[in-house]
Amino acid sequence: MSFLSIDVGSSRCKAAIFSASGEMLGLRSATYAAHYPRPGFAELNADTFLDVVTALARELASIATTEPVQAVCFSSHGETVIPVSASGQALGPAILNMDARATTEAAWIEDEIGRRELFMLTGHTSHAMYSMPKLLWLRSHALEIFDSASKFLSVTSFLLLQLGLPPLVDYSHASRFMAFDVSRRIWSKDLLDLVRLSPKALPIPVQAGTVAGRLDSTAASMLGVAPGTPVVVGGHDQVIGAVGLGVIEAGLAAGSFGTYECITVASDQLLLNDAALHSSLNSYPSAIPGQFVTIGYFPGGIMMQWLGNLLFGPQKVEEEYHFDDLESAAPAGPTGLLILPHLIGSCNPEFDALARGAISGLSFDSTRSHLYKGIQEGIASELAIITECLEKAGSAFRDINVFGGGTRSSLGLRLRAAFTQKRLHIMSCQESVCLGGAMLASVAVGVHSNLKSAAQAMVREKECVPDDPLLAQEYAPQIAGYRQLRSMLVHRPNQRNQYTGE
């Protein structure tokens, strides 16, 4: 038997089939490009998600002849919202998570509810990326779509609806709307009243791992699986990725080292305190019943993408960058370069949208390899700040289970482990979101009794990178310089546009 798990990103979709023992039997992926009709806008034809998902699923299912698919699970990025009609058709493009059109609306929501009150209610501080400000923007600027919409769905709930299933959404995904009461696990009436919406206009919140239903013959043929195959509700990619890394108990942490670097820490309670609020951390339900996650993140890998485009050309994919050559030629010891990776603004703790990347310390002798290593040092310095924010808020963890493109660099891993003072565990399967979804599916159909037993059977460690106190000590002066430069260039927003709510 096997499990088909699909991870729908904002620019790439991955689909994988896993056995009950965690062996990846097949992997397919496809990319799609957002449309940017105006500055700050980021949209995608909503049907693109369905077209890509069904194409990848059929291709994978065709090779799973010896181990037929027993269940399907969908997970995706958060925040993207899709308005749909009563018949389930998209009324307009999906407004993507990266869309920044609703900055004014986000500020107004925070002013109306109060920053602390909003955080205590939703586990999030206000930001234009979340669904709630986008809905307010639609009400103000696209009233015809807003009034015609029967529901406003996440990517996964949209996919379920297109397959003839109820538009369910798990608690972690619902939290990314910034309209979800994370303590009571229901839609917040106070927040929905601001947008003049009923909870019936949003997806139905359920625990991740819930069986949404079984596919009829038409929907099954769309995915290439047998009629009657159950579909399992996944969740927010960071949360499901943590499951795929074996982070299924309080005190464990997951690290996603990609375009954004994110630390997700599991806990038995929400971390809704002053320290978490000060650092604008996110705390909300996880995929494990009765558990929660707290996350902090920043744009890190995008700096490596910038370097690759600069040195090797923008038409190449990440795997074609000659970073191995740069790493082997990197100088020993600290470079003396202070490189801030905030090409598209900073995230925790300040969320300064106006912050930009910076390089200090270049000399005539600086080489490409100096620049490469300097960026790795900057990313590690930023990760250490995120780690400290989480710990100050009450997250206690000694190790981080990691995945993502950043794990390809042994130099980057050593620096991250030293600067954060954490052991880094690299898992054998790097498609952790897909694996996490397969684990949920295996539990939902009774192959594994719970996620702990699923993790024991399906998650395996490849190697461990120890922390290095001596390396951290050697870097202490450069780390101090990084933080001093950062304090001068990254600030908490103190000016907002005014929005009347009309």
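Of note:
- Index of the failed condition, residue 64 passing every other in (1) assigned to a loop (DSSP other than H, G, I, E, B); (2) of a type in the set (A, V, I, L, M, F, W, C); (3) surrounded by fewer than 18 Cβ atoms within 10 Å (Cβ to Cβ): (3)
- Residue ID - most open to solvent (accessible area, probe 1.4 Å), chosen from residues in the stretch 146-196 that are in contact with a Pro (Cβ under 8 Å, 6 or more places away or on another chain) and among the charged types (D, E, K, R): 189
- Flag if residue 103 is farther than 30 Å from residue 449 by Cβ and modelled with pLDDT of 95 or more: no
- Residue in the stretch 473-496 that is over 22 Å from residue 340 (Cβ atoms) and either touching a helix residue (DSSP H, G or I) at 6+ places or on another chain (Cβ under 7 Å) or in contact (Cβ under 8 Å) with a residue 60 or more places away in the chain (or both) present: yes
- Index of the failed condition, residue 49 passing every other in (1) at pLDDT 95 or above; (2) farther than 28 Å from residue 454 by Cβ: (2)
- Condition check for residue 408 on (1) of a type outside the set (Phe, Trp, Tyr); (2) in contact with a His (Cβ under 7 Å, 6 or more places away or on another chain); (3) open to solvent by 50 Å² or more (accessible area, probe 1.4 Å); (4) within 27 Å of residue 236 (Cα to Cα): one failure, at (2).
- Tally of residues being surrounded by fewer than 24 Cβ atoms within 10 Å (Cβ to Cβ), in a helix (DSSP H, G or I) and within 19 Å of the chain's Cα centre (by Cα) across the stretch 273-290: 0
- Within the set 349, 334, 314, the sole residue that is over 19 Å from residue 413 (Cα atoms), of a type outside the set (D, E, K, R), modelled with pLDDT of 90 or more and part of a loop (DSSP other than H, G, I, E, B) turns out to be 349.
- Scoring residue 492 on the criteria (1) assigned to a helix (DSSP H, G or I); (2) open to solvent by 80 Å² or more (accessible area, probe 1.4 Å) leaves a single failure, condition (1).
- Cross-chain or 6+ apart pairs with Cβ under 9 Å, the stretch 264-278 first and free of Cβ contacts under 8 Å to residues at least 40 places away in the same chain, then charged (D, E, K, R): 266/249; 274/116
- When we screen 233, 293, 243 for residues that are within 30 Å of residue 70 (Cβ to Cβ), aliphatic (A, V, I, L, M) and part of a helix (DSSP H, G or I), the only hit is 243.
- Yes/no for residue 226 being open to solvent by 20 Å² or more (accessible area, probe 1.4 Å) and among the aliphatic types (A, V, I, L, M): yes
- If only residues of the stretch 124-145 that are among the aliphatic types (A, V, I, L, M) and within 15 Å of residue 175 (Cβ to Cβ) are counted, the one that is surrounded by the fewest Cβ atoms within 10 Å (Cβ to Cβ) is 129.
- Test set (1) over 16 Å from the mean Cα position of the chain (by Cα); (2) closer than 29 Å to residue 397 by Cβ; (3) at pLDDT below 95 - residue 309 fails condition number: (2)
- Where helices (runs of 4 or more DSSP H) fall wholly inside the stretch 110-222, the ranges with 2 or more residues that are under 15 Å from residue 74 (Cα atoms) and modelled with pLDDT of 95 or more are 155-162, 171-175.
The values are calculated or read from the model by the stated rules, or taken from the named source; none is laboratory data. What you are looking at is a predicted structure, and each value in this text was computed from that prediction instead of being measured. Please note: Cβ atoms are built from the backbone with ideal geometry, for glycine as well, and neighbour counts cover all protein chains shown. All accessible areas refer to the heavy atoms of the entire protein, side chains included, with ligands and DNA or RNA removed. Shrake-Rupley method; radii C 1.70, N 1.55, O 1.52, S 1.80 Å.
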